[in-house]
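Since the structure comes first, as structure tokens, the remarks are kept for the end.
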Amino acid sequence: MNKGISRRDVLLLTAALPTLSWSADKLKTVTATWRQIPASGEALPVIGLGTSRTLDVDLDSDMRARLRGLMTTFLRGGGTLVDSSPMYGRAEQVFGDITRDIPDRDNFFTATKVWTTGRDEGVQQMQASMNKMAVDKVDLMQIHNLVDWRTQIKTLREWKERGTIRYIGITTSHQRAHEEFEQIMKTESLDFVQFSYNIADRVAEQRLLPLAADRGIATLINRPFQRGNLFRRAGKHALPSLATDLQCNSWGQFFLKYILGHPAATCVIPATNKLHHLEDNLGAGYGPLPNQSQRREMLAIFDGL
């Protein structure tokens with residue numbers, strides 16, 4: 001494993017390969033992959049945007065312009081879903097500040113979370129989140145890491161019934177919570193679940209993804225690059241020939257398409273505040289997705305790195 005190799009290094013190393021190159025302008029000329037939210041049939045682009053760490057920043061004039069451009073490009077490139085949380089520091093506030101005057105801001109699918117104990121505290125936190133994100137309603141409200149979920153889910157249902165939120169869900173980033181998470185999926189009426197899944201961490205394939213499919217629950221996939229570990233493992237390895245068949249021009253797209261090859265993966269939410277990473281991620285939502293045979297080949301390739 002080459003710990004000194006970053007995602008940027010991998011992108012530079014693979015940029016000269018004879019594969020399809022993506023940019024926001026090119027993305028406008030082809031059709032993105034969308035998947036339905038089972039609860040409603042509403043279509044959702046398969047590549048979203050996470051904000052953990054990446055939007056917890058000071059908004060000086062340069063950063064404001066940079067992030068506003070990022071969000072504009074995200075919409076222009078076919079993205080809609082932006083996922084945040086009070087846990088992510090300033091991320092909700094930054095999102096609201098930089099998108100207030102974007103002409104197409106109504107096209108964002110806003111997702112955030114409640115992350116506190118107690119009914120009143122949950123109500124206050126969700127209201128604060130909406131104010132920070134500058135929205136009158138939230139498309140998706142999730143219970144973050146199952147914190148006081150029995151209390152918060154009652155409020156979420158009330159808010160959904162009155163139209164303040166459109167969808168409700170639960171999240172986890174920890175395998176130790178999977179047993180409880182699975183039980184909630186079996187017994188509660190949920191629109192979305194969010195959990196970690198990637199080509200190196202495939203535990204979700206065993207029970208969570210099949211259960212989501214059986215229960216008609218949409219899935220948001222976090223940590224698709226295992227916080228950069230996948231790029232360090234790819235290191236200086238050249239992309240395999242299979243990447244050309246799948247129209248991938250980077251390891252990032254290769255890793256994202258492995259996830260999207262699972263039919264129960266609704267939307268992947270890689271977090272970034274870098275434009276070239278964003279455009280690269282969006283590219284994974286275009287072109288063919290791997291079938292089961294190709295996913296097995298992708299896995300064999302990765303295991304051989």
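Whether any residue in segment 174-194 is closer than 27 Å to Leu230 by Cα and among the aliphatic types (A, V, I, L, M) is what I want to check. Even if it seems obvious, please write down each step before you answer.
Filtering segment 174-194 down to residues closer than 27 Å to Leu230 by Cα leaves 174-179, 181-182, 192-194.
Add one more test, that the residue is among the aliphatic types (A, V, I, L, M), and what stays is 177, 193.
Yes, that holds for at least one residue.
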Regarding segment 130-146, can at least one residue be identified that is surrounded by fewer than 21 Cβ atoms within 10 Å (Cβ to Cβ) and over 21 Å from the mean Cα position of the chain (by Cα)? yes
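Consider Ser250 carefully, then state whether it is touching a helix residue (DSSP H, G or I) at 6+ places or on another chain (Cβ under 6 Å), modelled with pLDDT of 95 or more and farther than 23 Å from Gly122 by Cα.
Numbers: touching a helix residue (DSSP H, G or I) at 6+ places or on another chain (Cβ under 6 Å): yes; modelled with pLDDT of 95 or more: yes; farther than 23 Å from Gly122 by Cα: yes.
It is true that Ser250 is touching a helix residue (DSSP H, G or I) at 6+ places or on another chain (Cβ under 6 Å), modelled with pLDDT of 95 or more and farther than 23 Å from Gly122 by Cα.
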Reported set for segment 24-42 where residues are over 15 Å from the mean Cα position of the chain (by Cα), of a type in the set (A, V, I, L, M) and at pLDDT 95 or above is Ala39
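From the residues in segment 126-156 that are in a helix (DSSP H, G or I) and among the polar types (S, T, N, Q), which one is farthest from Phe195 (Cα to Cα)? Can you show your working first?
Quick first cut of segment 126-156, residues in a helix (DSSP H, G or I) only: 126-133, 144-146, 149-156.
If we keep only those that are among the polar types (S, T, N, Q) too, we end up with 127, 129, 131, 145, 151-152, 155.
On the way: Gln127: 24, Ser129: 21, Asn131: 26, Asn145: 9, Thr151: 21, Gln152: 19, Thr155: 22 Å.
Per the stated criteria, the residue is Asn131.
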Between a first residue in segment 38-49 that is assigned to a loop (DSSP other than H, G, I, E, B) and a second residue that is surrounded by fewer than 14 Cβ atoms within 10 Å (Cβ to Cβ) and not aromatic (Phe, Trp, Tyr), which pairs have beta carbons less than 7 Å apart while being 6 or more apart in sequence or on different chains? Pro38/Gly216; Ala39/Gly216; Glu42/Gln36
Report the residue count in segment 262-281 for those that are surrounded by 20 or more Cβ atoms within 10 Å (Cβ to Cβ) and either out of contact with any Ser or Thr (no Cβ under 8 Å at 6 or more places or on another chain) or at pLDDT below 95 (or both). 5
Hey, can you tell me all the residues within segment 59-69 that are in contact (Cβ under 8 Å) with a residue 24 or more places away in the chain and not in a helix (DSSP H, G or I)? Leu59
Within segment 82-129, restricting to residues that are touching a strand residue (DSSP E or B) at 6+ places or on another chain (Cβ under 9 Å) and among the polar types (S, T, N, Q), the one that is surrounded by the fewest Cβ atoms within 10 Å (Cβ to Cβ) is Gln125
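Test Leu282 against the criterion of being touching a residue at least 12 places away in the same chain (Cβ under 8 Å), part of a helix (DSSP H, G or I) and farther than 28 Å from Glu182 by Cα, and give yes or no.
Working: touching a residue at least 12 places away in the same chain (Cβ under 8 Å): yes; part of a helix (DSSP H, G or I): yes; farther than 28 Å from Glu182 by Cα: yes.
The answer is yes for Leu282.
The values are calculated or read from the model by the stated rules, or taken from the named source; none is laboratory data. Note that the structure is a prediction, hence the values are computed from the model and not measured. In this analysis, Cβ positions are derived from the backbone assuming ideal geometry, glycine residues included, and neighbour counts consider all displayed protein chains.
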